[in-house]
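The values are calculated or read from the model by the stated rules, or taken from the named source; none is laboratory data. As the structure is a computational prediction, the values presented were derived from the model and not from experiment. Because the Cβ atoms are built from the backbone with ideal geometry, glycine has one as well, and the counts that use them run over all protein chains shown. Ligands, DNA and RNA are excluded from the accessible area calculation, which covers all protein heavy atoms including side chains. Shrake-Rupley method; radii C 1.70, N 1.55, O 1.52, S 1.80 Å.
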Amino acid sequence: MSEEESVSYPSIDPSVFDLIVVGTGLPESIIAAAASVAGKTVLHVDSNSFYGSGFSSFSLDDFTSFLHAQKTLPESTLSHGSVVGGSSNVNGDTDYVIIDLKPKSLYSDIEISSLPEEESVKACSRKFNLDISGPRVMFCADSVVNLLLNSGGIHHVEFKSIDGSFIYGANGELSSVPDSRSAIFKDRSLGLTEKNQLMRFFKLVQAHIEGSTEHAEGSHESRRIKDEDLESPFIEFLNKQRLPTKIKSMILYAIAMADYDQEKPELCKNLLKTKDGIESLALFHSSIGRFTNALGAMIYPIYGQGELPQAFCRCAAVKGAIYVLRIPVTALLLSKENGDYKGVRLASGQDILSRHLVINPSVTCPSPPLLPRAPNLPEECSESDDKGEVIEKVARGICIIRGSMKSELSNLLVIFPPRSLCSEQLSSIRVLQLGSGLSVCPSGMSVLYLSTLCVDVIQGKKSLYAAMNTLVVPPPSENPEDTSSIQSENAGDAKPTLLWNAMFIQELEKASSGGAITSCPTPDGNLDYRNILESSEKLFHQIYQEEFFPKTSASEEIVNNDET
(Lines give C-alpha, C1' and ligand atoms only; values in the text may rest on other atoms or scores of the structure.)
Protein backbone atom coordinates (compact mmCIF):
# COMPACT_ATOMS: atom_id res chain seq x y z
CA MET A 1 0.00 0.00 0.00
CA SER A 2 1.41 3.40 -0.99
CA GLU A 3 1.89 6.17 1.54
CA GLU A 4 -0.86 8.18 -0.19
CA GLU A 5 -3.37 5.34 0.08
CA SER A 6 -2.52 4.81 3.73
CA VAL A 7 -3.43 8.37 4.72
CA SER A 8 -6.60 8.47 6.78
CA TYR A 9 -8.85 11.46 6.18
CA PRO A 10 -11.84 12.41 8.32
CA SER A 11 -15.36 12.37 6.95
CA ILE A 12 -16.90 15.84 6.97
CA ASP A 13 -20.47 16.30 8.11
CA PRO A 14 -22.47 18.19 6.94
CA SER A 15 -21.53 17.90 3.28
CA VAL A 16 -23.26 21.06 2.02
CA PHE A 17 -22.06 24.59 2.85
CA ASP A 18 -22.66 28.15 1.72
CA LEU A 19 -18.91 28.68 1.24
CA ILE A 20 -15.84 26.47 0.94
CA VAL A 21 -12.47 28.16 1.44
CA VAL A 22 -9.30 26.38 0.31
CA GLY A 23 -6.09 27.59 1.95
CA THR A 24 -5.61 29.56 5.16
CA GLY A 25 -3.68 32.56 3.84
CA LEU A 26 -4.63 35.97 5.19
CA PRO A 27 -7.13 36.91 2.40
CA GLU A 28 -8.84 33.50 2.61
CA SER A 29 -9.00 33.72 6.41
CA ILE A 30 -10.46 37.23 6.36
CA ILE A 31 -13.14 36.19 3.84
CA ALA A 32 -13.97 33.04 5.86
CA ALA A 33 -14.33 35.09 9.04
CA ALA A 34 -16.45 37.77 7.32
CA ALA A 35 -18.75 35.11 5.85
CA SER A 36 -19.09 33.37 9.22
CA VAL A 37 -19.92 36.67 10.92
CA ALA A 38 -22.57 37.22 8.20
CA GLY A 39 -24.21 33.93 9.21
CA LYS A 40 -22.97 31.77 6.33
CA THR A 41 -21.97 28.14 6.78
CA VAL A 42 -18.25 27.84 6.04
CA LEU A 43 -15.89 24.91 5.51
CA HIS A 44 -12.26 26.04 5.64
CA VAL A 45 -9.68 23.45 4.57
CA ASP A 46 -5.93 23.40 3.97
CA SER A 47 -3.69 20.68 2.61
CA ASN A 48 -0.92 21.87 4.94
CA SER A 49 -0.48 20.95 8.59
CA PHE A 50 -0.13 24.63 9.48
CA TYR A 51 -2.20 27.81 9.15
CA GLY A 52 -1.25 30.79 7.01
CA SER A 53 -0.23 29.44 3.58
CA GLY A 54 1.92 32.22 2.04
CA PHE A 55 1.52 34.31 5.22
CA SER A 56 2.90 31.64 7.56
CA SER A 57 5.69 31.84 10.10
CA PHE A 58 7.99 28.82 10.47
CA SER A 59 10.74 27.45 12.65
CA LEU A 60 14.10 27.50 10.88
CA ASP A 61 13.95 23.80 9.94
CA ASP A 62 10.36 24.09 8.72
CA PHE A 63 11.21 27.24 6.77
CA THR A 64 14.02 25.53 4.86
CA SER A 65 11.84 22.45 4.33
CA PHE A 66 9.07 24.67 2.90
CA LEU A 67 11.45 26.33 0.43
CA HIS A 68 13.04 23.03 -0.60
CA ALA A 69 9.56 21.61 -1.20
CA GLN A 70 8.86 24.43 -3.66
CA LYS A 71 11.76 23.23 -5.81
CA THR A 72 10.26 19.75 -6.12
CA LEU A 73 6.58 20.64 -6.23
CA PRO A 74 4.94 18.12 -8.61
CA GLU A 75 3.39 19.55 -11.74
CA SER A 76 0.90 16.72 -12.00
CA THR A 77 -2.64 17.05 -10.76
CA LEU A 78 -3.36 16.56 -7.10
CA SER A 79 -4.23 12.90 -6.81
CA HIS A 80 -7.59 11.96 -5.37
CA GLY A 81 -7.10 8.22 -5.55
CA SER A 82 -10.00 6.21 -6.87
CA VAL A 83 -12.54 8.95 -7.58
CA VAL A 84 -15.10 6.50 -8.90
CA GLY A 85 -15.08 4.67 -5.61
CA GLY A 86 -15.08 7.85 -3.52
CA SER A 87 -18.19 8.98 -1.76
CA SER A 88 -20.47 11.23 -3.79
CA ASN A 89 -23.44 13.17 -2.57
CA VAL A 90 -25.50 13.48 -5.73
CA ASN A 91 -26.06 10.24 -7.63
CA GLY A 92 -22.40 9.39 -8.09
CA ASP A 93 -19.98 10.88 -10.65
CA THR A 94 -22.45 10.95 -13.52
CA ASP A 95 -23.81 14.37 -12.53
CA TYR A 96 -20.45 16.15 -12.59
CA VAL A 97 -17.60 17.16 -14.80
CA ILE A 98 -14.51 16.52 -12.68
CA ILE A 99 -11.85 19.25 -13.06
CA ASP A 100 -8.58 18.19 -11.44
CA LEU A 101 -6.70 20.83 -9.46
CA LYS A 102 -2.97 21.29 -9.81
CA PRO A 103 -0.44 22.62 -7.27
CA LYS A 104 1.43 25.74 -8.33
CA SER A 105 4.66 27.01 -6.82
CA LEU A 106 4.82 30.75 -6.25
CA TYR A 107 8.52 30.62 -5.35
CA SER A 108 11.60 30.19 -7.54
CA ASP A 109 15.34 30.89 -7.73
CA ILE A 110 15.74 29.73 -4.15
CA GLU A 111 19.15 30.10 -2.53
CA ILE A 112 19.89 28.99 1.04
CA SER A 113 23.31 29.78 2.44
CA SER A 114 25.79 27.37 3.94
CA LEU A 115 27.86 29.39 6.42
CA PRO A 116 30.32 28.24 9.10
CA GLU A 117 27.92 28.90 11.99
CA GLU A 118 24.90 27.36 10.26
CA GLU A 119 24.83 24.30 12.53
CA SER A 120 24.85 26.39 15.71
CA VAL A 121 21.91 28.37 14.37
CA LYS A 122 20.00 25.24 13.38
CA ALA A 123 20.51 23.84 16.88
CA CYS A 124 17.95 26.39 18.14
CA SER A 125 15.59 26.02 15.16
CA ARG A 126 12.42 25.91 17.27
CA LYS A 127 13.17 29.34 18.75
CA PHE A 128 12.71 31.00 15.35
CA ASN A 129 9.44 32.20 13.82
CA LEU A 130 10.36 33.19 10.27
CA ASP A 131 7.87 34.87 7.93
CA ILE A 132 7.68 33.58 4.38
CA SER A 133 6.46 36.94 3.01
CA GLY A 134 8.38 39.52 5.02
CA PRO A 135 9.16 42.31 5.55
CA ARG A 136 5.74 43.41 6.71
CA VAL A 137 4.39 45.64 9.49
CA MET A 138 1.18 47.41 10.39
CA PHE A 139 0.68 51.11 10.97
CA CYS A 140 -1.10 51.67 14.26
CA ALA A 141 -3.96 53.55 12.56
CA ASP A 142 -4.32 51.46 9.41
CA SER A 143 -7.40 49.56 8.29
CA VAL A 144 -6.11 46.11 9.30
CA VAL A 145 -5.63 47.19 12.91
CA ASN A 146 -9.13 48.66 12.86
CA LEU A 147 -10.49 45.37 11.48
CA LEU A 148 -8.74 43.36 14.20
CA LEU A 149 -10.31 45.64 16.80
CA ASN A 150 -13.74 45.53 15.16
CA SER A 151 -13.81 41.77 14.54
CA GLY A 152 -12.46 40.72 17.92
CA GLY A 153 -9.35 39.26 16.29
CA ILE A 154 -7.29 41.50 18.58
CA HIS A 155 -8.05 39.01 21.37
CA HIS A 156 -5.99 36.36 19.55
CA VAL A 157 -2.79 38.28 18.71
CA GLU A 158 -0.40 40.62 20.51
CA PHE A 159 1.89 43.29 19.10
CA LYS A 160 5.01 45.25 19.92
CA SER A 161 6.24 48.51 18.51
CA ILE A 162 8.88 49.00 15.83
CA ASP A 163 11.42 51.17 17.63
CA GLY A 164 12.45 53.37 14.72
CA SER A 165 12.92 53.73 10.98
CA PHE A 166 15.91 54.89 8.98
CA ILE A 167 16.72 55.85 5.42
CA TYR A 168 19.98 55.19 3.59
CA GLY A 169 21.46 58.43 2.29
CA ALA A 170 23.82 59.45 -0.48
CA ASN A 171 26.68 59.67 2.02
CA GLY A 172 26.24 56.03 3.01
CA GLU A 173 24.77 56.84 6.44
CA LEU A 174 21.48 55.78 7.98
CA SER A 175 19.40 58.83 8.88
CA SER A 176 16.57 58.53 11.38
CA VAL A 177 13.05 59.20 10.08
CA PRO A 178 11.54 61.61 12.64
CA ASP A 179 8.07 60.67 13.78
CA SER A 180 7.14 63.72 15.87
CA ARG A 181 7.92 67.42 16.32
CA SER A 182 10.27 66.69 19.21
CA ALA A 183 12.01 63.98 17.16
CA ILE A 184 12.62 66.46 14.35
CA PHE A 185 14.36 68.92 16.68
CA LYS A 186 16.37 66.16 18.42
CA ASP A 187 17.59 64.69 15.15
CA ARG A 188 21.29 65.53 14.78
CA SER A 189 21.37 64.38 11.13
CA LEU A 190 19.15 67.33 10.13
CA GLY A 191 20.40 70.89 9.97
CA LEU A 192 18.38 73.77 11.42
CA THR A 193 17.16 74.83 7.96
CA GLU A 194 16.07 71.28 7.14
CA LYS A 195 14.23 70.98 10.46
CA ASN A 196 12.32 74.20 9.79
CA GLN A 197 11.45 73.12 6.25
CA LEU A 198 10.19 69.74 7.46
CA MET A 199 8.15 71.34 10.24
CA ARG A 200 6.51 73.78 7.78
CA PHE A 201 5.64 70.94 5.44
CA PHE A 202 4.11 68.81 8.21
CA LYS A 203 2.08 71.83 9.36
CA LEU A 204 0.78 72.27 5.81
CA VAL A 205 -0.27 68.62 5.65
CA GLN A 206 -1.88 68.81 9.09
CA ALA A 207 -3.82 71.93 8.10
CA HIS A 208 -5.04 70.15 4.96
CA ILE A 209 -6.22 67.14 6.97
CA GLU A 210 -8.03 69.34 9.46
CA GLY A 211 -9.38 71.47 6.63
CA SER A 212 -10.73 68.38 4.88
CA THR A 213 -12.61 67.44 8.04
CA GLU A 214 -14.00 70.95 8.38
CA HIS A 215 -15.02 70.94 4.71
CA ALA A 216 -16.84 67.64 5.18
CA GLU A 217 -18.69 69.24 8.08
CA GLY A 218 -19.75 72.21 5.93
CA SER A 219 -17.00 74.68 6.77
CA HIS A 220 -14.88 76.57 4.22
CA GLU A 221 -11.98 74.82 2.53
CA SER A 222 -9.34 77.53 2.53
CA ARG A 223 -6.93 75.35 4.53
CA ARG A 224 -7.08 72.48 2.05
CA ILE A 225 -4.51 71.83 -0.64
CA LYS A 226 -5.89 72.74 -4.04
CA ASP A 227 -7.57 69.97 -6.02
CA GLU A 228 -5.26 70.42 -8.99
CA ASP A 229 -2.28 69.92 -6.69
CA LEU A 230 -3.85 66.80 -5.18
CA GLU A 231 -4.13 65.24 -8.64
CA SER A 232 -0.59 66.18 -9.64
CA PRO A 233 2.46 63.93 -9.06
CA PHE A 234 3.56 64.08 -5.43
CA ILE A 235 7.14 64.85 -6.46
CA GLU A 236 5.93 68.02 -8.22
CA PHE A 237 4.09 69.12 -5.09
CA LEU A 238 7.19 68.49 -2.96
CA ASN A 239 9.31 70.47 -5.42
CA LYS A 240 6.87 73.41 -5.08
CA GLN A 241 7.55 73.37 -1.35
CA ARG A 242 11.28 73.72 -2.14
CA LEU A 243 12.19 70.83 0.06
CA PRO A 244 15.81 69.61 -0.10
CA THR A 245 16.60 66.25 -1.69
CA LYS A 246 17.18 64.52 1.65
CA ILE A 247 13.79 65.56 3.02
CA LYS A 248 11.98 64.67 -0.22
CA SER A 249 13.57 61.24 -0.21
CA MET A 250 12.53 60.69 3.39
CA ILE A 251 8.92 61.67 2.69
CA LEU A 252 8.63 59.71 -0.57
CA TYR A 253 10.28 56.43 0.38
CA ALA A 254 10.30 56.17 4.19
CA ILE A 255 6.84 57.63 4.93
CA ALA A 256 4.77 57.41 1.74
CA MET A 257 6.59 54.11 0.95
CA ALA A 258 6.89 54.76 -2.82
CA ASP A 259 8.40 51.81 -4.65
CA TYR A 260 9.88 53.42 -7.76
CA ASP A 261 12.05 56.44 -8.52
CA GLN A 262 9.63 59.38 -8.38
CA GLU A 263 12.29 61.78 -9.69
CA LYS A 264 12.17 60.08 -13.11
CA PRO A 265 8.49 60.01 -14.15
CA GLU A 266 9.32 58.57 -17.56
CA LEU A 267 10.79 55.45 -15.90
CA CYS A 268 8.48 55.25 -12.90
CA LYS A 269 5.99 52.37 -13.04
CA ASN A 270 3.84 53.82 -10.30
CA LEU A 271 3.99 57.60 -10.06
CA LEU A 272 2.55 58.64 -6.71
CA LYS A 273 -0.18 61.28 -6.78
CA THR A 274 -0.20 64.05 -4.20
CA LYS A 275 -3.51 62.92 -2.71
CA ASP A 276 -2.07 59.43 -2.12
CA GLY A 277 1.11 60.85 -0.63
CA ILE A 278 -0.91 63.07 1.70
CA GLU A 279 -3.02 60.07 2.77
CA SER A 280 0.15 58.16 3.62
CA LEU A 281 1.46 61.10 5.64
CA ALA A 282 -1.87 61.35 7.44
CA LEU A 283 -1.76 57.63 8.26
CA PHE A 284 1.81 57.94 9.52
CA HIS A 285 0.91 60.94 11.67
CA SER A 286 -2.25 59.42 13.14
CA SER A 287 -0.45 56.15 13.91
CA ILE A 288 2.05 57.81 16.24
CA GLY A 289 0.80 57.67 19.81
CA ARG A 290 -2.47 55.88 19.00
CA PHE A 291 -1.67 53.13 21.49
CA THR A 292 0.03 53.87 24.78
CA ASN A 293 2.23 50.76 24.57
CA ALA A 294 3.42 51.50 21.00
CA LEU A 295 5.67 54.53 20.81
CA GLY A 296 6.26 54.54 17.06
CA ALA A 297 4.03 54.51 14.01
CA MET A 298 4.39 50.77 13.28
CA ILE A 299 3.74 47.51 15.13
CA TYR A 300 4.50 43.84 14.50
CA PRO A 301 2.77 40.70 15.86
CA ILE A 302 4.58 38.70 18.53
CA TYR A 303 5.51 35.23 17.19
CA GLY A 304 5.40 36.45 13.59
CA GLN A 305 2.89 37.45 10.93
CA GLY A 306 1.54 33.89 10.86
CA GLU A 307 -0.49 34.90 13.92
CA LEU A 308 -2.71 37.18 11.80
CA PRO A 309 -4.47 34.55 9.62
CA GLN A 310 -4.85 32.38 12.72
CA ALA A 311 -6.57 35.26 14.53
CA PHE A 312 -9.20 35.51 11.78
CA CYS A 313 -9.56 31.72 11.63
CA ARG A 314 -10.35 31.72 15.34
CA CYS A 315 -12.93 34.46 14.79
CA ALA A 316 -14.53 32.31 12.08
CA ALA A 317 -14.46 29.20 14.25
CA VAL A 318 -16.24 31.04 17.06
CA LYS A 319 -19.02 31.81 14.58
CA GLY A 320 -19.34 28.17 13.54
CA ALA A 321 -16.88 27.69 10.66
CA ILE A 322 -15.48 24.15 10.38
CA TYR A 323 -11.70 23.78 10.03
CA VAL A 324 -9.85 20.77 8.61
CA LEU A 325 -6.10 20.79 7.99
CA ARG A 326 -4.00 18.17 6.16
CA ILE A 327 -6.72 17.45 3.60
CA PRO A 328 -6.15 18.51 -0.04
CA VAL A 329 -8.96 19.53 -2.34
CA THR A 330 -8.20 17.56 -5.49
CA ALA A 331 -10.92 18.54 -7.97
CA LEU A 332 -13.80 20.84 -8.79
CA LEU A 333 -17.28 19.50 -9.45
CA LEU A 334 -19.10 21.22 -12.31
CA SER A 335 -22.58 20.61 -13.61
CA LYS A 336 -22.62 18.63 -16.84
CA GLU A 337 -25.69 20.58 -17.94
CA ASN A 338 -24.35 24.13 -17.83
CA GLY A 339 -20.84 24.04 -16.36
CA ASP A 340 -21.91 25.76 -13.14
CA TYR A 341 -19.78 25.19 -10.07
CA LYS A 342 -21.30 22.66 -7.67
CA GLY A 343 -18.64 21.67 -5.17
CA VAL A 344 -15.23 20.11 -4.59
CA ARG A 345 -13.77 16.65 -4.20
CA LEU A 346 -11.44 16.03 -1.27
CA ALA A 347 -8.42 13.73 -1.20
CA SER A 348 -10.58 11.30 0.79
CA GLY A 349 -12.87 10.97 -2.23
CA GLN A 350 -15.70 12.74 -0.43
CA ASP A 351 -17.65 15.32 -2.42
CA ILE A 352 -18.60 18.54 -0.61
CA LEU A 353 -21.11 20.91 -2.18
CA SER A 354 -21.31 24.68 -1.77
CA ARG A 355 -22.71 27.78 -3.41
CA HIS A 356 -19.34 29.54 -3.54
CA LEU A 357 -15.65 28.61 -3.50
CA VAL A 358 -12.61 30.67 -2.50
CA ILE A 359 -9.22 29.20 -3.43
CA ASN A 360 -5.62 29.95 -2.52
CA PRO A 361 -3.36 31.19 -5.37
CA SER A 362 -1.06 28.16 -4.93
CA VAL A 363 -3.78 25.97 -6.44
CA THR A 364 -4.90 26.18 -10.06
CA CYS A 365 -6.99 24.13 -12.42
CA PRO A 366 -6.93 23.42 -16.19
CA SER A 367 -9.72 24.13 -18.63
CA PRO A 368 -12.70 21.76 -18.41
CA PRO A 369 -12.13 18.93 -20.90
CA LEU A 370 -15.80 18.47 -21.79
CA LEU A 371 -16.93 22.08 -21.96
CA PRO A 372 -15.76 24.97 -24.18
CA ARG A 373 -15.56 27.20 -21.14
CA ALA A 374 -17.12 26.95 -17.72
CA PRO A 375 -18.72 30.32 -16.97
CA ASN A 376 -18.08 30.08 -13.23
CA LEU A 377 -14.34 29.54 -13.44
CA PRO A 378 -12.08 32.52 -12.67
CA GLU A 379 -9.70 33.56 -15.40
CA GLU A 380 -6.71 31.53 -14.24
CA CYS A 381 -8.82 28.36 -14.16
CA SER A 382 -9.89 28.85 -17.77
CA GLU A 383 -6.66 29.68 -19.54
CA SER A 384 -4.69 26.86 -21.08
CA ASP A 385 -1.41 27.88 -19.46
CA ASP A 386 -2.93 27.41 -15.97
CA LYS A 387 -1.55 30.75 -14.83
CA GLY A 388 -3.09 33.71 -13.08
CA GLU A 389 -2.11 37.23 -14.09
CA VAL A 390 1.48 37.63 -12.97
CA ILE A 391 1.76 41.37 -12.37
CA GLU A 392 5.37 41.45 -11.16
CA LYS A 393 7.85 39.64 -8.95
CA VAL A 394 9.25 40.40 -5.55
CA ALA A 395 12.73 39.37 -4.46
CA ARG A 396 12.73 38.38 -0.78
CA GLY A 397 15.58 37.70 1.57
CA ILE A 398 15.95 36.56 5.18
CA CYS A 399 19.09 36.91 7.27
CA ILE A 400 19.82 35.68 10.77
CA ILE A 401 22.45 37.88 12.39
CA ARG A 402 24.27 38.11 15.68
CA GLY A 403 23.59 41.46 17.32
CA SER A 404 21.71 44.42 15.86
CA MET A 405 22.18 47.01 13.14
CA LYS A 406 21.70 49.64 15.87
CA SER A 407 23.09 48.74 19.26
CA GLU A 408 20.35 50.63 21.13
CA LEU A 409 17.42 49.30 19.06
CA SER A 410 15.98 45.82 18.57
CA ASN A 411 13.17 46.37 16.04
CA LEU A 412 13.77 48.81 13.21
CA LEU A 413 13.08 49.51 9.55
CA VAL A 414 15.68 50.59 6.98
CA ILE A 415 14.75 51.98 3.56
CA PHE A 416 17.11 52.08 0.58
CA PRO A 417 15.52 54.49 -1.96
CA PRO A 418 15.73 53.61 -5.67
CA ARG A 419 19.27 53.95 -7.10
CA SER A 420 20.75 54.62 -3.65
CA LEU A 421 23.02 51.55 -3.90
CA CYS A 422 23.62 51.43 -7.65
CA SER A 423 22.13 52.82 -10.85
CA GLU A 424 20.50 49.47 -11.67
CA GLN A 425 18.46 49.48 -8.43
CA LEU A 426 15.08 50.42 -9.90
CA SER A 427 12.91 50.11 -6.78
CA SER A 428 13.12 50.70 -3.05
CA ILE A 429 14.62 48.02 -0.84
CA ARG A 430 13.01 47.58 2.56
CA VAL A 431 14.82 45.89 5.42
CA LEU A 432 13.03 45.04 8.67
CA GLN A 433 15.03 43.94 11.71
CA LEU A 434 13.22 42.06 14.49
CA GLY A 435 14.73 41.03 17.80
CA SER A 436 14.14 38.32 20.37
CA GLY A 437 11.63 40.47 22.27
CA LEU A 438 9.11 39.61 19.55
CA SER A 439 9.72 35.86 20.08
CA VAL A 440 10.99 35.40 16.52
CA CYS A 441 14.58 34.41 17.35
CA PRO A 442 16.87 33.44 20.25
CA SER A 443 18.35 36.08 22.54
CA GLY A 444 21.45 37.73 21.12
CA MET A 445 20.29 37.28 17.52
CA SER A 446 18.08 39.24 15.16
CA VAL A 447 16.17 38.45 11.97
CA LEU A 448 16.39 40.69 8.90
CA TYR A 449 13.73 40.62 6.18
CA LEU A 450 14.57 42.22 2.84
CA SER A 451 12.40 42.79 -0.24
CA THR A 452 12.34 44.69 -3.51
CA LEU A 453 10.04 44.62 -6.52
CA CYS A 454 11.63 43.38 -9.72
CA VAL A 455 11.02 42.09 -13.22
CA ASP A 456 14.54 40.83 -13.77
CA VAL A 457 15.28 38.07 -11.24
CA ILE A 458 19.06 38.52 -11.37
CA GLN A 459 18.86 42.26 -10.74
CA GLY A 460 16.32 41.82 -7.94
CA LYS A 461 18.57 39.43 -6.02
CA LYS A 462 21.64 41.53 -6.80
CA SER A 463 19.93 44.52 -5.16
CA LEU A 464 19.13 42.51 -2.04
CA TYR A 465 22.70 41.25 -1.75
CA ALA A 466 23.97 44.82 -2.09
CA ALA A 467 21.72 45.94 0.78
CA MET A 468 22.68 42.93 2.87
CA ASN A 469 26.40 43.54 2.37
CA THR A 470 25.93 47.19 3.33
CA LEU A 471 24.32 46.29 6.67
CA VAL A 472 26.04 43.09 7.83
CA VAL A 473 29.36 41.29 7.50
CA PRO A 474 29.92 37.60 6.82
CA PRO A 475 31.58 35.36 9.43
CA PRO A 476 35.34 36.06 9.72
CA SER A 477 36.31 32.89 7.89
CA GLU A 478 34.25 34.02 4.91
CA ASN A 479 36.15 37.31 4.62
CA PRO A 480 39.57 36.88 6.23
CA GLU A 481 41.33 39.75 4.45
CA ASP A 482 38.81 42.53 4.88
CA THR A 483 37.97 43.50 8.45
CA SER A 484 37.74 47.23 7.84
CA SER A 485 34.07 47.00 6.87
CA ILE A 486 33.07 45.50 10.20
CA GLN A 487 32.91 48.96 11.74
CA SER A 488 29.95 50.93 10.43
CA GLU A 489 30.39 54.53 9.36
CA ASN A 490 27.11 55.37 11.07
CA ALA A 491 27.43 56.45 14.70
CA GLY A 492 30.21 54.00 15.36
CA ASP A 493 27.91 50.96 15.34
CA ALA A 494 29.65 47.67 14.66
CA LYS A 495 28.03 45.79 11.81
CA PRO A 496 26.33 42.60 12.96
CA THR A 497 27.63 39.24 11.75
CA LEU A 498 25.67 37.17 9.26
CA LEU A 499 24.92 33.65 10.52
CA TRP A 500 22.41 32.34 7.94
CA ASN A 501 20.50 33.69 4.97
CA ALA A 502 18.10 32.72 2.20
CA MET A 503 17.01 34.49 -0.99
CA PHE A 504 14.14 33.67 -3.31
CA ILE A 505 11.72 35.13 -5.85
CA GLN A 506 7.97 35.20 -5.29
CA GLU A 507 5.40 35.64 -8.05
CA LEU A 508 2.83 38.42 -7.57
CA GLU A 509 -0.64 37.59 -8.82
CA LYS A 510 -3.86 39.55 -8.60
CA ALA A 511 -7.11 38.24 -7.23
CA SER A 512 -9.73 37.09 -9.73
CA SER A 513 -13.38 36.20 -9.53
CA GLY A 514 -15.74 34.45 -11.90
CA GLY A 515 -19.25 33.63 -10.79
CA ALA A 516 -19.13 31.20 -7.87
CA ILE A 517 -15.33 30.74 -7.81
CA THR A 518 -12.89 33.29 -6.42
CA SER A 519 -9.10 33.12 -6.41
CA CYS A 520 -7.27 35.17 -3.78
CA PRO A 521 -4.16 37.29 -4.42
CA THR A 522 -0.63 36.32 -3.46
CA PRO A 523 1.20 38.22 -0.70
CA ASP A 524 2.03 41.56 -2.31
CA GLY A 525 5.26 43.55 -2.32
CA ASN A 526 4.05 46.25 0.07
CA LEU A 527 5.29 46.83 3.59
CA ASP A 528 1.81 46.79 5.12
CA TYR A 529 -1.43 44.83 4.66
CA ARG A 530 -3.80 47.56 3.45
CA ASN A 531 -3.98 46.40 -0.17
CA ILE A 532 -4.47 42.80 0.98
CA LEU A 533 -7.41 43.87 3.14
CA GLU A 534 -8.88 46.06 0.39
CA SER A 535 -8.72 43.14 -2.06
CA SER A 536 -10.24 40.75 0.50
CA GLU A 537 -13.14 43.09 1.21
CA LYS A 538 -13.77 43.59 -2.51
CA LEU A 539 -13.81 39.82 -3.09
CA PHE A 540 -16.20 39.33 -0.18
CA HIS A 541 -18.63 41.86 -1.63
CA GLN A 542 -18.45 40.13 -5.01
CA ILE A 543 -19.63 36.98 -3.26
CA TYR A 544 -22.12 38.40 -0.76
CA GLN A 545 -24.15 41.58 -0.63
CA GLU A 546 -23.64 41.75 3.13
CA GLU A 547 -21.91 44.21 5.42
CA PHE A 548 -18.23 43.43 5.87
CA PHE A 549 -17.70 42.85 9.60
CA PRO A 550 -20.52 45.06 10.92
CA LYS A 551 -19.58 47.08 13.96
CA THR A 552 -21.02 46.06 17.30
CA SER A 553 -21.21 47.82 20.63
CA ALA A 554 -18.62 45.36 21.96
CA SER A 555 -16.18 46.20 19.18
CA GLU A 556 -16.63 49.93 19.78
CA GLU A 557 -15.76 49.37 23.44
CA ILE A 558 -12.60 47.46 22.46
CA VAL A 559 -11.49 50.30 20.16
CA ASN A 560 -12.04 52.91 22.86
CA ASN A 561 -10.20 50.88 25.49
CA ASP A 562 -7.22 50.19 23.24
CA GLU A 563 -6.82 53.79 22.21
CA THR A 564 -6.77 55.11 25.77
- Flag if L353 is in contact with a strand residue (DSSP E or B) (Cβ under 9 Å, 6 or more places away or on another chain), more than 22 Å from S463 (Cα to Cα), modelled with pLDDT of 60 or more and hydrophobic (A, V, I, L, M, F, W, C): yes
Scanning region 441-461 residue by residue, those part of a helix (DSSP H, G or I) and surrounded by fewer than 18 Cβ atoms within 10 Å (Cβ to Cβ) turn out to be V457, I458, Q459
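Residue by residue, here is whether (1) open to solvent by 30 Å² or more (accessible area, probe 1.4 Å); (2) of a type in the set (A, V, I, L, M, F, W, C); (3) at pLDDT below 90 holds:
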position	(1), (2), (3)
R136	no, no, no
S161	no, no, no
I167	no, yes, no
A183	no, yes, yes
S189	yes, no, yes
L192	yes, yes, yes
K203	yes, no, yes
I209	yes, yes, yes
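Just checking, which of G54, G39 is at pLDDT 80 or above and in contact with a Ser or Thr (Cβ under 6 Å, 6 or more places away or on another chain)?
G54
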By residue number, the members of region 523-533 that are over 13 Å from I31 (Cβ atoms) and not in a loop (DSSP other than H, G, I, E, B) are R530, N531
Of the conditions (1) more than 22 Å from F504 (Cα to Cα); (2) modelled with pLDDT of 95 or more; (3) open to solvent by less than 70 Å² (accessible area, probe 1.4 Å), the single one that V16 does not satisfy is (3)
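Yes/no matrix, rows are residues, columns are (1) farther than 29 Å from H156 by Cβ; (2) of a type outside the set (S, T, Y):
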residue	(1), (2)
L271	yes, yes
T274	yes, no
L283	no, yes
S287	no, no
R290	no, yes
I299	no, yes
Y303	no, no
Q310	no, yes
Within region 391-412, the residues that are assigned to a loop (DSSP other than H, G, I, E, B) and either touching a residue at least 40 places away in the same chain (Cβ under 8 Å) or open to solvent by less than 10 Å² (accessible area, probe 1.4 Å) (or both) are G403, S404, M405, K406, S407, L409, S410, N411
All-but-one check, A294 against (1) farther than 24 Å from F55 by Cα; (2) in contact with a strand residue (DSSP E or B) (Cβ under 7 Å, 6 or more places away or on another chain); (3) assigned to a loop (DSSP other than H, G, I, E, B), failing number (1)
When restricted to L371, L377, the only residue surrounded by 24 or more Cβ atoms within 10 Å (Cβ to Cβ) and either of a type in the set (A, V, I, L, M) or modelled with pLDDT under 90 (or both) is L377
Of those in region 515-563 that are open to solvent by 80 Å² or more (accessible area, probe 1.4 Å), more than 30 Å from I162 (Cα to Cα) and of a type in the set (S, T, N, Q), the residue modelled with the lowest pLDDT is S553
Could you tell me whether region 299-312 includes any residue that is free of Cβ contacts under 8 Å to residues at least 24 places away in the same chain and among the acidic types (D, E)? no
Taking region 326-359 and keeping residues open to solvent by 10 Å² or more (accessible area, probe 1.4 Å), part of a loop (DSSP other than H, G, I, E, B) and touching a residue at least 40 places away in the same chain (Cβ under 8 Å) leaves R326, P328, K336, D340, A347, S348, Q350
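In the list D109, D100, which residue meets the criterion of being in contact with a His (Cβ under 9 Å, 6 or more places away or on another chain) and surrounded by fewer than 19 Cβ atoms within 10 Å (Cβ to Cβ)?
D100
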L198 passes all but one of the listed conditions (1) at pLDDT 75 or above; (2) part of a helix (DSSP H, G or I); (3) open to solvent by 40 Å² or more (accessible area, probe 1.4 Å); the exception is number (3)
Within region 239-277, the residues that are open to solvent by 20 Å² or more (accessible area, probe 1.4 Å) and of a type in the set (V, I, T) are T245
Checked pairs for region 179-192, first under 13 Å from G289 (Cα atoms) and in a helix (DSSP H, G or I), second open to solvent by less than 50 Å² (accessible area, probe 1.4 Å) and modelled with pLDDT of 75 or more, C-beta under 7 Å and 6 or more apart or across chains, list as R181/M199
